[in-house]
Structure formats: structure tokens, C-alpha cells
Amino acid sequence: MAPPGQRTSYHASSTLLAKIGGYSLSPNKSFRKGSSFGDVSDFMDKIFGWNQSSSKQVTACRKFLVKENPGLPTVALDLDGTLVHTLVDPAQIAAAERRGFTGCRLPGTMGLCVQRPGLEEFFSALSGYNVVIFSAGGSEYVHTAVSHLMAEHPSLQNRVCKILCRGDLTKYSESSELPSQMLIRDGVHYVKDLRKARQDGNAEKVIIIDDNPDAYQVPSWMKDEDFRNRYNFATNAVLVPEFSTAQPEAFAPILRQVSQVLRDIRLAEDRLAALHKHPGLKGGWIYHSVDC
């Protein structure tokens, strides 16, 4: 488990990958993660057709969505690195299959979407919560991955009420918030605004499950203190180890532990306070052992 200080911020990088086929900036970093590639991801979205305005995958995904229940709390789930690890390189796919991982094949050259062990049981345990997918990935990829996962695993259907993608992220620079239409380039950073996860905009009713601490808070080097405070959702977060099929601890029952935390705090009067008093968390991280 890497400490938060060693993770990259949600920023755009103009450096093309040395190995496009692997879609990876490091052995354990998914190319589509959204935190480290920016305009490179947009380039790949275009050549694979993931950003088409009329997407069959977006339409297919909507049939599995349910209406939000305003009386229930909401859990916002990151996708890549938290729930799944999508592989494109044939050698990585073969290695993951030899290790016994399960997943679903995505269309064309989009690869294999490997699900974190325990994903189906995790979704089954989310009764009593509205469920939102909040990813930094492009819309076409995210909807394609989610729709295929739901089609192959009925337990994932009728659980999700909303899907938020890269276009829903709040953009900012070193000194100020940026317009939503700002082109992706170096110096443009992102944060997930948890108010968008609910129709009433009440972030106090939202818990986010993510593998990147910079997804839900703005680093201290950002000069606008008011902006940093408005987009600091650290008290809402359960931070999990990044899921990568190459890691020895990839089979650790992380999602089972997250399920237990969510069940324990669901009925608490002050859910956020109960979250960070929970014995299953240490400094916001879900506690686990690589030997479990």
C-alpha cells in the first residue's frame, strides 16, 4: 500500500506513453485512470472512438440505472484502480487470466476489464445506499466498462443510480478554478465534487470509495484557500489500496472490509464521524494485511 504522499495528483500530462499498448504510466498505474494522462487519454479516446456524441454504450448503460432515493445516503465508487483494472496488453491479459482473475471482454481493442475480487458480493451488500460511479475516465470508456460488467453480472444491475465521468470533474490550476470547457493540458488538475453525486447536493450524505487521495481533495500548493476548503472531502472518504492484477495483494478481501464499514455506519446519526471512528479505518485507509 503506497502512502498518500506518493500518489500522483489528478492532473493532465502531455507526455506520450513509451508503450501505448500497455496504457500504463507505471507497472501498477492504469492508463485510463484519469489522474495522470489528460490529453493523452483524449487522444486515445478519439482514435478508439470512445468520445462519440451518440454512444450505444451510454444508452445500453442507462437501462440498468435506478432512481435515486433521497432518503438514503449515497456511496460514490471510483472505477479504475478501485473496482476494476482494465488491461489491453495481451501479455498482461494472459498473466491476469493465469492468476485466476475474472472480468469481461470489452469491444474491439478496449481490452479486458478485470474486476476486483469480491465485486459482486460488494454490490449485493450496498442495500440501504444510493450507488454512484464517479470516475475520472472518459464517458465512452466508463459507460462501456460499466454496461458490460452489468450485462455479465446481474448482481450489479439495478444498483447504480448515476454515472459521473471526466466531464463531471471540477478543473483547477495552481491559483484558481478553471472553466468546465477548458481544454486538457499541462497544469490543469481535477477534483471530484461529491455534491454532484446527489440531486440535493448534500455532500454530508455521501461516502466516496477511491484509491487516490487527490481525487477528493485539493493539494496544499493550490493557492486559493477558499477553493481548497470547498473541495475538501477527506472526511467523506474511504481510501483503498490501488487494485492492480500485477500486485501480490490483489486478492486481499478489500471490498469485503469496505462493505462491513458501510453496513456499520449506515444508520449512524453522524455518518461521517462514525466513518472515521471505525476500527476498520486507519487515517482514512481501509486497514488490511497483504497476508489476508
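Number of residues in the stretch 156-213 that are under 29 Å from Ser244 (Cβ atoms) and either in contact with an Asp or Glu (Cβ under 6 Å, 6 or more places away or on another chain) or of a type in the set (D, E, K, R) (or both): the value is 15. Only one of the numbered conditions (1) modelled with pLDDT of 95 or more; (2) surrounded by 23 or more Cβ atoms within 10 Å (Cβ to Cβ) is violated by Tyr190, and that is (1). Only residues that are at pLDDT below 90, surrounded by fewer than 22 Cβ atoms within 10 Å (Cβ to Cβ) and not hydroxyl-bearing (Ser, Thr, Tyr) were counted in the stretch 122-139, giving 1. On the stretch given as the stretch 266-292, residues that are modelled with pLDDT of 90 or more and crowded, with 20+ Cβ neighbours inside 10 Å total 1. Restricting attention to the stretch 202-233, the residues that are outside any helix (DSSP H, G or I) and either in contact with a Leu (Cβ under 9 Å, 6 or more places away or on another chain) or farther than 17 Å from Asn130 by Cβ (or both) add up to 19. The criterion of being of a type outside the set (Ser, Thr, Tyr), under 20 Å from the mean Cα position of the chain (by Cα) and at pLDDT below 95 does not hold for Ala237.
Would you check if there is a residue in the stretch 178-192 being within 26 Å of Pro117 (Cα to Cα) and out of contact with any Gly (no Cβ under 8 Å at 6 or more places or on another chain)? Before you say what the answer is, go through the steps one by one.
So the first thing to find is which residues in the stretch 178-192 are within 26 Å of Pro117 (Cα to Cα), and the list is 192.
Next, from what is left, pick out any that are out of contact with any Gly (no Cβ under 8 Å at 6 or more places or on another chain): 192.
Yes: one or more hits.
Scanning for something at pLDDT below 75 and either surrounded by 19 or more Cβ atoms within 10 Å (Cβ to Cβ) or in contact with a strand residue (DSSP E or B) (Cβ under 6 Å, 6 or more places away or on another chain) (or both), does the stretch 62-72 turn up at least one residue? No; the residues of the stretch 62-72 include none that is at pLDDT below 75 and either surrounded by 19 or more Cβ atoms within 10 Å (Cβ to Cβ) or in contact with a strand residue (DSSP E or B) (Cβ under 6 Å, 6 or more places away or on another chain) (or both). Scanning the stretch 170-201 for residues that are of a type in the set (D, E, K, R), touching a strand residue (DSSP E or B) at 6+ places or on another chain (Cβ under 9 Å) and in a loop (DSSP other than H, G, I, E, B) returns Glu174, Asp186, Lys192, Asp193, Arg198. Looking across the stretch 234-250, the residues that are in a helix (DSSP H, G or I), surrounded by fewer than 17 Cβ atoms within 10 Å (Cβ to Cβ) and either of a type in the set (Gly, Ala, Ser) or touching a Cys at 6+ places or on another chain (Cβ under 9 Å) (or both) come down to Ala234, Glu249. State whether one or more residues within the stretch 205-219 are of a type in the set (Gly, Ala, Ser) and surrounded by fewer than 16 Cβ atoms within 10 Å (Cβ to Cβ). No, the conditions are met nowhere in the stretch 205-219. Only a single criterion out of (1) part of a loop (DSSP other than H, G, I, E, B); (2) touching an Asp or Glu at 6+ places or on another chain (Cβ under 8 Å) is not satisfied by Arg256, namely (1).
Residues in the stretch 181-201 that are closer than 11 Å to Phe134 by Cβ, of a type in the set (D, E, K, R) and in contact with a Ser or Thr (Cβ under 8 Å, 6 or more places away or on another chain): Lys192, Asp193. Quick check, is Ser180 at pLDDT 90 or above and surrounded by fewer than 18 Cβ atoms within 10 Å (Cβ to Cβ)? Considered against the rule, which asks whether it is at pLDDT 90 or above and surrounded by fewer than 18 Cβ atoms within 10 Å (Cβ to Cβ), Ser180 comes out as no.
The values are calculated or read from the model by the stated rules, or taken from the named source; none is laboratory data. Note that this is a predicted model, so its numbers are computed, not measured. Note that we place each Cβ from the backbone using ideal geometry, even for glycine, and neighbour counts take in every protein chain shown.
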